[in-house]
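**Q** Would you mind keeping the following structure in view while I ask a few things?
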Amino acid sequence: MAVAEKTLVIRPAAVLRALEVERVIAALNLLDVAAGGVWNINPGLWQRYDKPWDGAGGMIGTSRLVGTIGSAYGTPTRYDITLYRVTITNHGGDLGWTVESLCDDALGYAGLSLATCTRAELRNPPSLDPFKP
């Protein structure tokens, strides 16, 4: 039975601090899909595949996307990365991947999990009454 694609907006968003960013990005770059790994990362989107890309000329081939992590570089500070949205594909769900396990797979390289990652500060929305602060 196919699992429906699942997207979760992480609230409050998970924040990687500078040292954590270095560890995670370095590890995921070493695990690049074109070099025998399972991650394809770019600013704004991290993609996890079920196996390394095996197509001609380093293309995707028979590899299939498991899920994606939406990331914002340089927020809340210049050296931080904020993870704000995660999607698990139908294929990833069929393989048993969850939003948490996908995040934990990436964050584990910094000794973190989605549950233990720093979270963005939530502020109260501005008042709708223009006469109240």
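The values are calculated or read from the model by the stated rules, or taken from the named source; none is laboratory data. Since the model is a prediction, treat every value here as computed from it, not as a measurement. Virtual Cβ from ideal backbone geometry, glycine too; neighbours counted across all protein chains shown.
Residue-by-condition table, conditions (1) of a type in the set (S, T, Y); (2) within 20 Å of K6 (Cα to Cα):
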| position | (1), (2) |
| --- | --- |
| M59 | no, no |
| T62 | yes, no |
| L65 | no, yes |
| G70 | no, yes |
| P76 | no, no |
| Y84 | yes, yes |
| G96 | no, yes |
| L114 | no, yes |
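**Q** Could I ask something else about it? So which residues in the stretch 100-118 are touching a Ser or Thr at 6+ places or on another chain (Cβ under 8 Å) and either more than 21 Å from N29 (Cβ to Cβ) or not hydrophobic (A, V, I, L, M, F, W, C) (or both)?
**A** Residues satisfying the conditions are E100, D104.
**Q** Now, a different point. Go through the stretch 32-121 and tell me which strands (runs of 3 or more DSSP E), entirely inside it, have 3 or more residues that are of a type in the set (A, V, I, L, M).
**A** 65-73, 81-88
**Q** Hey, another quick one. Identify, from the list V38, V24, the residue that is modelled with pLDDT of 95 or more, of a type in the set (V, I, T), closer than 22 Å to C117 by Cβ and in contact with a Pro (Cβ under 7 Å, 6 or more places away or on another chain).
**A** The conditions single out V38.
**Q** Additional query: What do you reckon, is L19 exposed (fewer than 14 other Cβ atoms within 10 Å of the Cβ) and part of a helix (DSSP H, G or I)?
**A** Details: exposed (fewer than 14 other Cβ atoms within 10 Å of the Cβ): yes; part of a helix (DSSP H, G or I): yes.
Answer is yes for this residue.
**Q** Could you tell me how many of the residues in the stretch 28-39 are in contact (Cβ under 8 Å) with a residue 12 or more places away in the chain and crowded, with 16+ Cβ neighbours inside 10 Å? First the steps, then the outcome.
**A** Going residue by residue through the stretch 28-39, those that are in contact (Cβ under 8 Å) with a residue 12 or more places away in the chain are 28-29, 33-39.
Checking which are crowded, with 16+ Cβ neighbours inside 10 Å leaves us with 28, 33, 37-39.
Looking only at that region, the number is 5.
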